[in-house]
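Structure record follows, encoded as structure tokens.
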Amino acid sequence: LLHTFLSILGIVIGVAALVTILSLIDGMENYARSQITETTSLRTIIIENKKRQNIDGVWVDNNDYPVLTSRHLEDLESKLNNISSIDCRTTGSAMITALGDTLSTATYFYATSADSLNTVRINMISGTHTFEHVSSAIVSKTLAEVLKGQSSQSVLGKKVSMHGREYSITGIFEGEKESRRRIVVPLSSLSDTIIQNNAPKLVIEAEKVEEVEHIKEDVESWLATNFEDVKQHFNIITNKMRVEQARKGLVMFKLIMGLITGIAVVVGGIGIMNVLLISVTERTTEIGVRKAAGAKRFDIMLQFLSESVTVSMFGSFVGLILGILVAKATVPIVKIIVDVPFEAGFSISTLGIIAILAVLIGIVFGTYPAMRAAKLTPVEAIRRE
């Protein structure tokens, strides 16, 4: 009885560890998916330049790339169907100076060909989100506070200078977890040199998620028609690809951790095999009597295999329950450490893996003892007794 308990305990610990690890990784995958979905749109398609390229295993800067412009945007827009918006964007860093005083500060600039920020996930605090004229600028709350300084007046209407051009602040926004100093201006207000140096990208929003792949194919066809060496110069990115990349990375991590914790399950299976070998020795007389009564080898094998599978399934079930409890108990600790709304995930695939594993352990580690029992003859059993 003690041997059986210890073998079951090995299975319980191994399966519990496996369930805990898989549940936490499933939770990580769910969190990654939700973050990508919340912060971006799955309907978005991005065409951007490859600023670096791999030459003979060495990554080098690619400065000779074709620049996407508003002209390309208009041409591509005329070729695409089922899109809700398309615009040309670029980002970079610059020094911004408040006119009328000596205040200067470094900032990130964001330029877009769109006439408003409807397609960008931000929250307007004051002013307007549309560009009233080519010299309009919309700034982040953080930058507005810097430009405001000790003054009690709002920065709306304030004149600032960037890249040698004068802008008038017409709106203030606050992005999710926004802490950077940012200014948003019309793309047409930037010089050709600045646009060339900061590699604009085209951002397309499909009307439906189902249309993304079709639009991506149309974009690839358009690029092939208008540019040479498309694969060398351009990337076409969809947020569905990001979700898939995150999923593949977590699947690999899950596989590695599963193999590591699976060692404990194997140890538990070896424990079952040892218990059954001891059981075969202790039940030699019983096996001999059954053989003498007409039991066949298959009957004896089936008896010991069923016992092995039963012990394995019972241990796996207890391990499953224990693993779920441990995973739930671990979640608050993870939340404290990483400060994210993380929850353990219990997928059908995890439960299926445990069920299959329980049967496999019972069969694999019960086969050898069952074969030894089946090979015993009545005469040998009596002689041993």
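Scanning the stretch 48-67 turns up no residue that is modelled with pLDDT under 80, over 30 Å from Gly323 (Cβ atoms) and part of a helix (DSSP H, G or I).
Among the residues of the stretch 120-128, is there at least one that is modelled with pLDDT under 90, surrounded by 16 or more Cβ atoms within 10 Å (Cβ to Cβ), part of a loop (DSSP other than H, G, I, E, B) and out of contact with any helix residue (DSSP H, G or I) (no Cβ under 6 Å at 6 or more places or on another chain)? Yes. Of the residues making up the stretch 339-358, those that are among the small types (Gly, Ala, Ser), surrounded by 17 or more Cβ atoms within 10 Å (Cβ to Cβ) and in a loop (DSSP other than H, G, I, E, B) are Ala344, Gly345.
Of all the numbered requirements in (1) loosely packed, with under 15 Cβ neighbours inside 10 Å; (2) touching a helix residue (DSSP H, G or I) at 6+ places or on another chain (Cβ under 6 Å); (3) at pLDDT 85 or above, Ala327 misses one, and that requirement is (1). Taking the stretch 61-80 as the range and being crowded, with 16+ Cβ neighbours inside 10 Å and under 16 Å from Glu220 (Cα atoms) as the test, the residues that pass are Pro66, Leu68, His72, Leu73, Leu76, Leu80.
Filtering the stretch 95-105 to residues that are at pLDDT 90 or above and surrounded by fewer than 17 Cβ atoms within 10 Å (Cβ to Cβ) leaves only Met95.
Quick check on this structure: which one of Val219, Val275, Val212 is touching a Ser or Thr at 6+ places or on another chain (Cβ under 7 Å), among the hydrophobic types (A, V, I, L, M, F, W, C), more than 30 Å from Leu320 (Cβ to Cβ) and modelled with pLDDT of 80 or more?
Numbers: Val219 fails: touching a Ser or Thr at 6+ places or on another chain (Cβ under 7 Å); Val275 fails: more than 30 Å from Leu320 (Cβ to Cβ).
Exactly one residue qualifies, and that residue is Val212.
The residues on offer are Ile287, Ile336, Ile361, and the sole one that is assigned to a helix (DSSP H, G or I) and either closer than 30 Å to Arg33 by Cβ or within 29 Å of the chain's Cα centre (by Cα) (or both) is Ile336.
The values are calculated or read from the model by the stated rules, or taken from the named source; none is laboratory data. Since the structure is predicted, the reported quantities are computational estimates derived from the model, not experimental observations. Every residue, glycine as well, gets a Cβ built from its backbone with ideal geometry; the counts of neighbours run over all protein chains shown.
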